[in-house]
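The values are calculated or read from the model by the stated rules, or taken from the named source; none is laboratory data. Predicted model, so just to flag it, every value in this text is computed and none were measured. Because the Cβ atoms are built from the backbone with ideal geometry, glycine has one as well, and the counts that use them run over all protein chains shown. The protein model used for the area step is the full one, side chains on, heavy atoms only, and it has no ligands, DNA or RNA in it. Shrake-Rupley method; radii C 1.70, N 1.55, O 1.52, S 1.80 Å.
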Amino acid sequence: MNLLSKALLAVPCAAGALLLAAVVRTLATPSRVSDYKPSTDKERIALYSEKLARLIRCETLSSEEEPNIDCFLGFHKILEELYPRLHENLEKTVIDGNLLYRWRGKSDAKPVVLMAHQDVVPAEGEWTHAPFSGDIADGKVWGRGAADIKCSLMAFMQAVEELLETGYVPDNDVYLVSSCTEEWGGDGAPKIVDELSRRGVRPYMVCDEGGAIITDPISGVKGSFAMIGVFEKGQGRLRFTAKSTGGHASAPPKNGPIARLAAFETEVEKHDPFKRLISKEVRVMFDSLAPYGGFAMKLLLGNVWLFGPVMKLVMPSVSAQAAAMLRTTIAFTMQSGSDAFNVLPAEATVGANLRYIPHQGMDESNELITRLAAKYGLETEIVVAEDYSPPLNLEGDAYKLFTEVIEKTFPGLPYSPYVVTGGTDCRYFSDICDNCIRFAPVVFGPAQLKGMHGIDECIDADCLPGAVDFYRNIIEMNK
């Protein structure tokens with residue numbers, strides 16, 4: 001049963017008049033089609049593909065245990081080769097492998113920060129194209145980092161290189177930022193924020209990854225859409241511990257540590273403890289996407305005023321991604337107990353990853369789950385936690401400028417606000433910037449989403465010229 005069917009079954013007969021009003025409103029809403037087409041400029045596609053391939057071939061793996069700074073210094077040499085004008089004209093600062101460039105403009109009143117991290121996650125498993133080959137085949141550039149997120153790093157550096165070639169001087173300062181610790185939540189971006197704070201820089205806008213040009217963003221809505229990340233959920237790592245006296249497995253007591261952990265996990269899975277709310281940002285997203293669906297999806301998404309309460313109930317069973325935009329989520333990820341089959345554990349633990357939503361933030365969510373764990377005799381440890389980032393003002397000048405850049409760069413591409421459920425370096429900039437936007441100007445279809453942190457990561461080569469133009473337009477239109 002699809003989402004609309006479930007929603008309609010839940011509408012009581014007394015609401016027939018309201019349903020009729022929603023149908024009339026839907027029929028009066030013009031249908032739209034996303035008709036964006038990527039570039040067909042073979043020369044630019046080939047040039048940008050090869051530059052991205054060069055970046056992919058440098059294995060910029062990093063972890064908390066092995067930061068591997070020398071690897072990133074070698075990567076910087078490749079950047080110098082690919083973008084000589086940029087390195088001749090911009091002021092470069094290296095902080096433990098993290099990069100900060102300043103391009104002085106005519107004014108420092110409205111500086112913009114363009115971001116993309118250098119580091120990548122490990123590449124395990126059997127790949128069709130070797131993970132660090134940078135192969136260019138079948139209309140794609142293949143390899144770890146192709147989509148996450150060396151494509152953006154290549155694109156904004158290329159945009160600056162091309163502008164410098166024309167003698168262009170930006171109206172406002174431009175900062176290029178690239179950390180080498182993003183994939184493990186390290187201190188690279190915070191160090192850059194500290195440096196900008198020391199200089200007294202307060203960016204007008206920060207643009208990092210998070211959203212993208214997504215293909216078929218919701219079931220029933222077809223085409224490509226610029227999904228603009230307007231805030232980022234917070235995240236926490238919590239550990240729950242059950243203790244006992246241990247003993248031999250031949251005479252097991254009832255309600256042991258493993259059983260209590262299992263009961264706790266089962267209750268959380270079956271009875272979601274967190275509040276669901278369709279926020280303003282999600283409501284605008286539904287309104288923006290509604291005209292691009294068939295009648296059923298247009299009726300549902302375009303009339304949240306009627307179907308909202310029902311959507312909150314049924315969406316988790318239809319789309320995990322959409323449901324994550326409505327509430328704090330918890331995922332149990334790590335578990336430990338006894339080291340032997342015949343020994344009862346004196347202590348058993350389960351680790352969980354929480355993603356905090358603004359209407360029920362870090363403190364409230366942690367307190368709620370701690371109380372629930374206590375019902376099963378579990379101790380709760382907050383290993384690390386940080387709250388959600390402030391939402392972007394959808395009526396503000398920065399969002400308006402950003403959407404104008406999208407309209408100019410990608411004719412025929414619809415756009416919508418989007419809730420980022422993952423984590424990015426952008427969250428660290430909230431202390432010094434009111435307009436933190438999460439959007440990579442590249443196409444993420446099924447292949448890209450599947451390869452993200454997985455096998456056969458790739459990016460469509462024909463979307464790269466648009467990415468370069470996007471960053472160029474941000475720089476030129478920031479007056």
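Some notes on this structure:
- Inspection of segment 65-88 finds no residue satisfying the criterion of being open to solvent by less than 40 Å² (accessible area, probe 1.4 Å), more than 13 Å from Q118 (Cα to Cα) and small (G, A, S).
- Taken over segment 294-326, the criterion of being among the small types (G, A, S) and open to solvent by less than 20 Å² (accessible area, probe 1.4 Å) is satisfied by G302, G308, A322, A323, A324.
- Of all residues making up segment 181-212, the number that are part of a helix (DSSP H, G or I), under 16 Å from R102 (Cβ atoms), touching a residue at least 24 places away in the same chain (Cβ under 8 Å) and of a type outside the set (D, E): 5
- S49 falls short of the stated requirement of being within 23 Å of P170 (Cβ to Cβ), open to solvent by less than 70 Å² (accessible area, probe 1.4 Å), touching a strand residue (DSSP E or B) at 6+ places or on another chain (Cβ under 7 Å) and small (G, A, S).
- Residues in segment 102-155 that are among the β-branched types (V, I, T) and either open to solvent by less than 50 Å² (accessible area, probe 1.4 Å) or closer than 23 Å to R44 by Cβ (or both): V112, V113, V120, V121, I136, V141, I149.
- Scanning segment 418-443 for residues that are open to solvent by less than 20 Å² (accessible area, probe 1.4 Å) and not β-branched (V, I, T) yields D425, C426, F429, C433, C436, R438, F439, A440, P441.
- Selection count, segment 100-126, where residues are of a type outside the set (S, T, Y) and within 25 Å of G423 (Cβ to Cβ): 16
- In segment 170-177, the count of residues that are under 29 Å from V33 (Cβ atoms), crowded, with 21+ Cβ neighbours inside 10 Å and in contact (Cβ under 8 Å) with a residue 12 or more places away in the chain is zero.
- Residue within segment 373-380 that is open to solvent by 40 Å² or more (accessible area, probe 1.4 Å), more than 20 Å from L153 (Cα to Cα), more than 16 Å from the chain's Cα centre (by Cα) and of a type in the set (F, W, Y) present: yes
- The residue list E386, E407 contains one member that is more than 19 Å from the chain's Cα centre (by Cα) and surrounded by fewer than 22 Cβ atoms within 10 Å (Cβ to Cβ), which is E407.
- Flag if L164 is open to solvent by 10 Å² or more (accessible area, probe 1.4 Å), assigned to a helix (DSSP H, G or I) and of a type in the set (A, V, I, L, M): yes
- Per-region count, segment 269-293, residues buried (at least 18 other Cβ atoms within 10 Å of the Cβ), within 30 Å of G377 (Cα to Cα) and not aromatic (F, W, Y): 1
- Residue check, R44 part of a helix (DSSP H, G or I), modelled with pLDDT of 90 or more and more than 30 Å from P217 (Cα to Cα): no
- Out of N366, N342, N393, one residue alone is touching a residue at least 24 places away in the same chain (Cβ under 8 Å), loosely packed, with under 14 Cβ neighbours inside 10 Å and more than 25 Å from R438 (Cα to Cα). It is N342.
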